[in-house]
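Okay, structure first, notes after.
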Amino acid sequence: MTVWYGFGTGGSSSPTPEIETELARADFEIRTGTIGFSSSLVSNTVLSILAVDYPVDKVSCYVSDDGAAMLTFEALSETSEFARKWVPFCKKYSIEPRAPEWYFTQKIDYLKDKVQPTFVKDRRAMKVSSFS
């Protein structure tokens, strides 16, 4: 089973139109297997790729699951739904790291350098969405 996900929303941190035309396409392939498979790892990797600071029409993410596992399909279905919220959040607030699992487990002051008043509310909504 091979699944292709292309997703994006224009972010304010995207390169200017002049630079975008000069940038090369970036294709990412994630291969999974049935031995030691972690749907969380695959989901976080896909979300990180989709949230990259690069023109959305030049980024593609391919997931290849040689075992055709239903778990992979279900995990990616949920990931695509969450990506509709996570990717714009990352781009709007320049979130790093862009994998939600790693972002929310960091022991840092997430308010440092965040001056937008909506950040706390949006972050709280992302945290609830990522763990539901």
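The values are calculated or read from the model by the stated rules, or taken from the named source; none is laboratory data. Being a predicted model, the structure only gives us computed values, none of them experimental. In this analysis, Cβ positions are derived from the backbone assuming ideal geometry, glycine residues included, and neighbour counts consider all displayed protein chains. All accessible areas refer to the heavy atoms of the entire protein, side chains included, with ligands and DNA or RNA removed. Shrake-Rupley method; radii C 1.70, N 1.55, O 1.52, S 1.80 Å.
What is the sum of charges around V87, taking Lys and Arg as +1, Asp and Glu as -1, for the other residues whose C-beta is under 12 Å from the C-beta of V87?
My count for the surroundings of V87 gives +3.
Give me the percent of accessible area attributable to carbon and sulfur for the stretch 40-113, probe 1.4 angstrom.
56
Would you kindly state how much longer the chain becomes between K121 and F104 on full extension, computed as 0.36 nm times their sequence separation minus their alpha carbon distance, in nm to one decimal?
Gain on stretching K121 to F104: 4.7 nm.
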